[in-house]
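Everything on this sheet refers to the single structure shown next.
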Amino acid sequence: MKRRNRGQVLVLVALAIFVLLGFAALGIDVGFMYSVRHELQRSADAGALAGASAIREFGRDCNEATLNTNGRTTKAEAELRAIDYATRDDVAKFRLNTVAGDIVTAICPDNVTNNPMRVRVDVQRTVPLFFARAIGWDTAPISAFAVAEAFPVSERVECVVPWGIPAPWTENTGSPETFDLGDTVNWPAKETDCINMPVTTWTAHDNGPRSPRDQYLCQGSLQTLKIGVPQEKIDPGNFFGMDLSNLVGPGGCPGKNDNPGASFYYWMITHSCDCDLKVGVGDELPIDTKPGNMVQNTIEAVAPESYYLPKKDSYLPSGWKNDPDSLMNRDDSTWVAGADGGAPSTGNNSPRIVRIPIYDPRTDIKGRTTFTPLGFVGFWIQDVVYKTETIDGKTKDLGTVVGRFVTVGGWGAGSGGGAGNAGTPVLNIRLVE
C-alpha cells in the first residue's frame, strides 16, 4: 500500500515559521531590552553620582541629623538629588516616572552595605515587546541599579597651597596657647563632635573667643593660621610655609620660574591650580625653614584691596603691593551661617577656598625639614591680620590668615580613609557598583 506524503511540507513550514518568530523575538526583542537596560543603567549611574555629590557638598554622611543650608538633612538632600538626576534622561523615548509602573528609588545609606557615605539608586520600567507577543510574551520588566560614594581623597590632590597646618586639639595640660603632649589631638574628627555647638562669629580683624566647635575639623569651624618657625613651639593653627618647587619640577608651572624662595611661595598661593602638582598622604612635604618675608608674601597673596586703605587697627608697611590676583580680590564672598556650620555665599567654587595638608602636632619637627600629611582639608579664607610685635627687643612683622574649614570637591584616584570620619576633608565621588 502506497504512503501519502501530502501535507507534510505545510506542517514543516508552520513549525519553521514558529521557530523563526522565536529567533526574531530573541534577536529583536532581546536586543531592545538590552538597549533599555543600558539607558536605565545610565540613569541610575547619574542619579547615584548626583546623590553622592550632596554628601561631598555638605560634608556630612546620611546619618547626620542636622540641616544644611537648604533646610534638609544630607539624607534627604542626597535622595532628592539622586531621583532628580535619575529621571532627567529619556528611557525608551520617555523619562522615568512619567510612565505607569515606573520605579525610581534612592536610599542613603546604601541598604546593602549600610555605608552612610553611599547612595543607592534603583530604577525599573516595564516595556512592551514586539515579536515576542506571538509566543505570549507581551511585556518585560527591566531594572538596573547603581551605588556611588563620597570618599576622602588621599592621593593625587591638586590645587594645594604651600601651608602645612596641625590637626586641632583639645587643651588638657600646659599652656592654653600651645600644643603639649598631654593634649588630645582631634583626628580623625567626627561631625557629631560639633552637634549643638555654635559657629564662631567673626568681625573684621577681631581675634575674640572661640567656640568649642573650633577644636574640631567641622564645617564652619574657625581657625587662625599663624605663620610659624619650625624651631618654635606649635601654636593652635600654626602653619609652616612649604617649599614645593622640587615637587613641581622644571616647567611644572607654566609662565613661572619654579626656583625655590618667596616668589614661588607667593605664586603657589595665588595660582595653586595652575601648576602640575599632585600630592598625597605619605608624601614627604618640605618645610621652608627660613620664613624670611613670608608674612609680606602671605598677606599680599591673600588680602583684598580694602586692606590697603588706612584704618585704625592695622597699617601695612610702605611698598607692600595690592595684587588683583590675591584670593580675596578675586572673590568678595561672605560666610553665611547655617545649622550645618554654614558656607561661603559664592559656594564651593570660591577662589578663596584652598586645599591644605594637615599634619599631626605630636610630630617632633624641630630640626626637621619635612612632614607627612595626615590628609587634606578645605579652608575658606575669611580675613587676614597684620600686626607688629616686639620680641627680644626687635620689632617683627606678624601675620595670620583667618578662615573656616569646609568640605570641598577634590581630585584623585587613591582610596580614602574611613567613610564619614574625616571631618571636613577634600572629598571626591565615584561609582562603586
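The values are calculated or read from the model by the stated rules, or taken from the named source; none is laboratory data. Not measured: the values here are computed from a predicted model. As a convention, Cβ positions derive from the backbone with ideal geometry for all residues, glycine included, and neighbour counts pool all protein chains shown.
Laid out as a table, the results:
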quantity: Selection within segment 136-148 - β-branched (Val, Ile, Thr) and surrounded by fewer than 14 Cβ atoms within 10 Å (Cβ to Cβ); calculated: THR139
quantity: Count of residues meeting criterion [in contact with a Ser or Thr (Cβ under 8 Å, 6 or more places away or on another chain) and surrounded by fewer than 16 Cβ atoms within 10 Å (Cβ to Cβ)] in segment 100-112; calculated: 2
quantity: Answer from ALA54, ALA82, ALA65 - the residue that is surrounded by fewer than 20 Cβ atoms within 10 Å (Cβ to Cβ) and either in a loop (DSSP other than H, G, I, E, B) or not acidic (Asp, Glu) (or both); calculated: ALA65
quantity: Complete set of residues in segment 126-159 that are out of contact with any helix residue (DSSP H, G or I) (no Cβ under 7 Å at 6 or more places or on another chain), part of a strand (DSSP E or B) and over 24 Å from ARG95 (Cα atoms); calculated: PHE151, PRO152, VAL157
quantity: Residue in segment 123-138 that is touching a strand residue (DSSP E or B) at 6+ places or on another chain (Cβ under 8 Å), modelled with pLDDT under 95 and closer than 28 Å to GLY342 by Cα present; calculated: no
quantity: Boolean, PHE130 is within 20 Å of VAL30 (Cβ to Cβ) and of a type outside the set (Ser, Thr, Tyr); calculated: yes
quantity: Evaluation of TYR315 against (1) part of a helix (DSSP H, G or I); (2) among the hydroxyl-bearing types (Ser, Thr, Tyr); (3) modelled with pLDDT under 75 (one fails), failing number; calculated: (1)
quantity: Sole exception among (1) more than 17 Å from LEU225 (Cβ to Cβ); (2) at pLDDT 70 or above for MET294, by number; calculated: (1)
quantity: Contacts under 6 angstrom Cβ, first residue in segment 332-357 being on the phi > 0 side of the Ramachandran plot, partner surrounded by fewer than 18 Cβ atoms within 10 Å (Cβ to Cβ) and modelled with pLDDT of 85 or more, 6 or more apart; calculated: GLY342/VAL336
quantity: Subset of segment 172-202 [over 24 Å from the mean Cα position of the chain (by Cα), at pLDDT 70 or above, of a type outside the set (Ser, Thr, Tyr) and surrounded by fewer than 16 Cβ atoms within 10 Å (Cβ to Cβ)]; calculated: ASN172, GLY174, ASP180, LEU181, GLY182
quantity: Residue within segment 110-117 that is on the phi < 0 side of the Ramachandran plot and assigned to a strand (DSSP E or B) present; calculated: no
